[in-house]
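The values are calculated or read from the model by the stated rules, or taken from the named source; none is laboratory data. Since the structure is predicted, the reported quantities are computational estimates derived from the model, not experimental observations. Here Cβ is always computed from backbone atoms with ideal geometry, including for glycine, and neighbour counts include all displayed protein chains.
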Amino acid sequence: MNKYLRFILPSIALIFLAGATAMQASAQGSGPLREILKRMDNNNKSLLSLKGNITMSKYNAQLRETDLTKGDLSYRPGKTEKNIFVRINWTSPVVEQLAIANGEYVLYRPRTKQAIVGKTDSKTGNSKSGNALAFMTMSKAQLNENYEVKYAGDETLSSGELTFHLVLIPKKPTSYKSADLWVNKDGMPVQAKIVEKNNDSTTVLLTGIERNPTLNGGVFKITPPKDTKIVRG
């Protein structure tokens, strides 16, 4: 799996699965953190689907350059964390489509007539999706076991929304250095950041969120044209 998928997917998954560990983590929290985690847990329980705008910021520490990618996102939880549904239509600077459903992903690139496909829990071949999709496949107990949650204070995002900044500290060695999460007053995670060991980072921001819209299964299915080259990730 290429570097794009290695870090965009954990960032997105961090947003949607972080609430799943709130109940277990709340027992360890106190004061503001306990209340934030309680709101996250309530949000997670009541969230049936979601639509919104997505902005991905990728920072290259060596070049000191930032690339921005924008699009729209749809999300629907599955029966387990492994079966969540995600669809992203990137519109700028290039058109691409990413779908995750029932443990499989498809990244379609019309410009190159190429589709990268694979399983989110794949550990075979030269795919690195086992590490890259860790958040996608972790259970609630595993999330709580692997991360210590700390409250870093209130912060206003670039979107103008006031949020609570949480720092997720890995308890075990990971493929990245740190993870941060920003949660709004309703307990909805709206921004996530993954910092790699070389200080490169990927930040995902959600705006214009619509909670619990009707989303049918076809939203999460990508059917590339017949002349598309299929690449196994």
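Looking only at region 192-210, residues that are modelled with pLDDT of 90 or more and either hydrophobic (A, V, I, L, M, F, W, C) or touching a Gly at 6+ places or on another chain (Cβ under 9 Å) (or both) come to 6 in all.
Name the residues in region 181-205 that are charged (D, E, K, R) and free of Cβ contacts under 8 Å to residues at least 24 places away in the same chain, would you?
The one that is charged (D, E, K, R) and free of Cβ contacts under 8 Å to residues at least 24 places away in the same chain: Lys197.
The requirement of being at pLDDT 90 or above and over 16 Å from the mean Cα position of the chain (by Cα) is fulfilled nowhere in region 137-147; no residue meets it. Determine whether Val204 is surrounded by 12 or more Cβ atoms within 10 Å (Cβ to Cβ), under 19 Å from Gln97 (Cβ atoms), touching a strand residue (DSSP E or B) at 6+ places or on another chain (Cβ under 8 Å) and not acidic (Asp, Glu). It is true that Val204 is surrounded by 12 or more Cβ atoms within 10 Å (Cβ to Cβ), under 19 Å from Gln97 (Cβ atoms), touching a strand residue (DSSP E or B) at 6+ places or on another chain (Cβ under 8 Å) and not acidic (Asp, Glu). Checked against (1) farther than 30 Å from Ala115 by Cβ; (2) not in a loop (DSSP other than H, G, I, E, B), Leu205 passes all but condition (1). Just so you know, in region 183-202 the residues that are under 23 Å from Gly78 (Cα atoms) and not in a loop (DSSP other than H, G, I, E, B) include one that is nearest to the chain's Cα centre (by Cα), and it is Ala192.
Going by the structure shown, is Ile230 assigned to a strand (DSSP E or B) and touching a Pro at 6+ places or on another chain (Cβ under 8 Å)? Walk me through it before giving the result.
Details: assigned to a strand (DSSP E or B): yes; touching a Pro at 6+ places or on another chain (Cβ under 8 Å): yes.
Criteria met by Ile230.
Of the strands (runs of 3 or more DSSP E) lying entirely inside region 47-118, the ones with 3 or more residues being among the hydrophobic types (A, V, I, L, M, F, W, C) are found at 50-60, 85-92, 96-101.
Would you confirm whether any residue within region 55-64 is closer than 25 Å to Asp180 by Cα and without any contact (Cβ under 8 Å) to a residue 40 or more places away in the chain? The answer is yes; a qualifying residue exists.
Taken together, the residues in region 90-125 that are under 18 Å from Gly52 (Cα atoms), buried (at least 16 other Cβ atoms within 10 Å of the Cβ) and modelled with pLDDT of 90 or more amount to 5. When the residues of region 39-57 are filtered to those that are hydrophobic (A, V, I, L, M, F, W, C) and within 21 Å of Ser158 (Cβ to Cβ), the one that is farthest from the chain's Cα centre (by Cα) is Leu50. Whether any residue in region 153-160 is surrounded by fewer than 21 Cβ atoms within 10 Å (Cβ to Cβ), among the small types (Gly, Ala, Ser) and over 21 Å from Asn53 (Cβ atoms) is what I want to check. Yes, that holds for at least one residue.
Could you say whether any residue in region 148-164 is small (Gly, Ala, Ser), at pLDDT 90 or above and under 19 Å from Gly31 (Cβ atoms)? Spell out how you get there, then give the answer.
Just the residues of region 148-164 that are small (Gly, Ala, Ser), to begin with: 152-153, 158-160.
This time we only want the ones that are at pLDDT 90 or above, so: 152-153, 158-160.
Going one step further and asking which of them are under 19 Å from Gly31 (Cβ atoms), we end up with 152-153.
Yes.
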